Amino acid sequence: MKFSCLRTDIVNAISNVSRAVSSKAAIPALEGVLIKGYGEKLNISGYDLEIGMTTDIDATIQSEGEFVIKAKLILDIVRKMPEEVVFIETDEKMVVNIKSGNVDFNVVGMSSVEYPDLPSFEKTDSITINAKVLRDMIRQTVYAVSDNTAKPIYTGSLFEIEDGVFKIVAIDGYRMAIRSENVDSQSKNRFVVPGKTQLEVLKLLNDDEENAEIIIGQRHIAFQINSYRVISRLIEGTFLDYKTTIPSDTKTELVISTRSMIASVERMALLNNERVQSPVRCKFADDEIKLSCASALGRANDEISVQIIGDDVEIGFNNRYMLEALKNTDTDEIKMILNGPVAPIIIKPVKGDSFLSIVVPMRLANEN
């Protein structure tokens, strides 16, 4: 195989694709990227048996073929090349020659025969969505995905398509995040996408007004983002009927500046760390929120003036869970709905229903 390509193109492609490469694999080839050259395109793939990523770049192919090379090795080499054009050639012994300017490397490659095939699957459904919108939907929910492998279904998010609405729902037992968008689809579908897959997709999405395509199969999913395709297994199992967990009553309601609430909770969080986790105590009464936190490190108090409708209530919460919910609202103001000291805290937009976050409260000890 023999080809040349732009250094920036191959560096960008391998940098992204290598995130799907195993760092320690039982199959040595999986620690590498698979490079194929056919026609006028160079196809570069990475696969760790859970997530696969592949992309095409322009190249001048003088001799078609394919080979595998350690991802980190080739990335480090081409990054350091002095000129914009890189020339790569392999011989029958899978020695890979990499040249640019006066620099010349000969490194060990592997046969593509040793590389497992990326999953191929029959498409049962697909949706097209603006790339920026998909980025925001994933970012505003993936923080609530569980890392508890004892319940693998919740290590992913529910993707639900129904009545022209696309929802992403994440639950970890302590909080829930829901993000909704209208889409041009009349299909009905629901499936669970691993959180790890979503994080890799998130890194490929940007502010472009281009569309992304979500391609759905029986057991697999693919995200097509510009020239990149991310392929992943779906998580099998029964996801919670999340609609039944959303409280319908409202005993206490208020609208508050998101920035003000974040700033106050961050102050309380200064008294917590990895070893010390005391709840933030929050009292809603007399058009005022009184926040306090007491831990082995000390005590803090803060007050925020706000109009409160309904009953007085005092509630406790984990500062990290609350901050992650607040910081992912992307709105200047939020509505908080409370239903007593032990009912979930609801955070939603002042208008509309594009997102909904729920934080389960912590029980408070009586203050002396």
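The values are calculated or read from the model by the stated rules, or taken from the named source; none is laboratory data. Just so it is clear, the model here is predicted, and its values are computed rather than measured. Cβ placement follows ideal geometry from the backbone for every residue including glycine, while neighbour counts extend to all protein chains displayed.
Per-residue answers, yes or no, for (1) modelled with pLDDT under 95; (2) surrounded by 13 or more Cβ atoms within 10 Å (Cβ to Cβ); (3) not assigned by TED's automatic domain parsing to the domain that holds residue 169:
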site: 238; (1), (2), (3): no, no, no
site: 254; (1), (2), (3): no, yes, yes
site: 257; (1), (2), (3): no, yes, yes
site: 260; (1), (2), (3): no, yes, yes
site: 265; (1), (2), (3): no, yes, yes
site: 268; (1), (2), (3): no, yes, yes
site: 272; (1), (2), (3): yes, yes, yes
site: 275; (1), (2), (3): yes, no, yes
site: 278; (1), (2), (3): yes, yes, yes
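Here's the yes/no breakdown for (1) charged (D, E, K, R); (2) closer than 19 Å to residue 43 by Cβ:
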{"site": "74", "(1), (2)": "no, yes"}
{"site": "83", "(1), (2)": "yes, no"}
{"site": "90", "(1), (2)": "no, yes"}
{"site": "99", "(1), (2)": "yes, no"}
{"site": "107", "(1), (2)": "no, no"}
Of (1) modelled with pLDDT of 95 or more; (2) of a type in the set (Val, Ile, Thr); (3) farther than 26 Å from residue 360 by Cβ, residue 165 satisfies every one except (3)
Can you tell me which of 171, 153 is touching a residue at least 12 places away in the same chain (Cβ under 8 Å) and over 20 Å from residue 320 (Cα atoms)? 153
Residue under evaluation residue 273, criteria (1) more than 17 Å from the chain's Cα centre (by Cα); (2) touching a residue at least 60 places away in the same chain (Cβ under 8 Å); (3) part of a loop (DSSP other than H, G, I, E, B), criterion not met: (2)
So if I check each of 327, 251, which one is within 28 Å of residue 166 (Cβ to Cβ) and among the charged types (D, E, K, R)? 327
Considering only strands (runs of 3 or more DSSP E) wholly within the range 293-368, the ones with at least 2 residues that are farther than 21 Å from residue 242 by Cα are 298-305, 308-310, 313-317, 333-338
Select from the range 343-356 the residues that are touching a residue at least 40 places away in the same chain (Cβ under 8 Å) and either outside the structural domain of residue 323 (by TED's automatic domain parsing) or among the hydrophobic types (A, V, I, L, M, F, W, C) (or both) and list them in ascending order. 343, 346, 350, 355, 356
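Please verify whether the range 142-153 includes one or more residues that are out of contact with any Asp or Glu (no Cβ under 6 Å at 6 or more places or on another chain), among the small types (Gly, Ala, Ser) and buried (at least 22 other Cβ atoms within 10 Å of the Cβ).
The answer is no, given that none of the residues of the range 142-153 is out of contact with any Asp or Glu (no Cβ under 6 Å at 6 or more places or on another chain), among the small types (Gly, Ala, Ser) and buried (at least 22 other Cβ atoms within 10 Å of the Cβ).
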If residue 318 satisfies every condition in (1) farther than 30 Å from residue 134 by Cα; (2) touching a Pro at 6+ places or on another chain (Cβ under 8 Å); (3) not small (Gly, Ala, Ser) but one, which is the exception? (1)
Take the residues of the range 298-342 that are among the acidic types (Asp, Glu) and in contact (Cβ under 8 Å) with a residue 60 or more places away in the chain: which is surrounded by the fewest Cβ atoms within 10 Å (Cβ to Cβ)? 332
Working only within the range 330-354, note down all residues that are among the polar types (S, T, N, Q) and in contact with a helix residue (DSSP H, G or I) (Cβ under 7 Å, 6 or more places away or on another chain). 331
The one condition in (1) over 30 Å from residue 165 (Cβ atoms); (2) in contact with a Leu (Cβ under 7 Å, 6 or more places away or on another chain); (3) of a type outside the set (Ser, Thr, Tyr) that residue 345 fails to fulfil: (1)
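Only one residue in 74, 88 is in a helix (DSSP H, G or I), farther than 30 Å from residue 188 by Cα and touching a residue at least 24 places away in the same chain (Cβ under 8 Å), so which one is that?
Being in a helix (DSSP H, G or I), farther than 30 Å from residue 188 by Cα and touching a residue at least 24 places away in the same chain (Cβ under 8 Å) holds for just one of 74, 88, which is 74.
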Tell me which of these residue 121 doesn't satisfy, since it passes every other one: (1) free of Cβ contacts under 8 Å to residues at least 12 places away in the same chain; (2) out of contact with any Ser or Thr (no Cβ under 8 Å at 6 or more places or on another chain). (1)
Filter the range 241-270 down to residues that are acidic (Asp, Glu) and without any contact (Cβ under 8 Å) to a residue 60 or more places away in the chain, then give me how many there are. 2
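Quick grid of which residues meet (1) under 33 Å from the mean Cα position of the chain (by Cα); (2) within 17 Å of residue 174 (Cα to Cα):
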{"position": "297", "(1), (2)": "no, no"}
{"position": "315", "(1), (2)": "yes, yes"}
{"position": "338", "(1), (2)": "yes, yes"}
{"position": "341", "(1), (2)": "yes, yes"}
{"position": "352", "(1), (2)": "yes, no"}
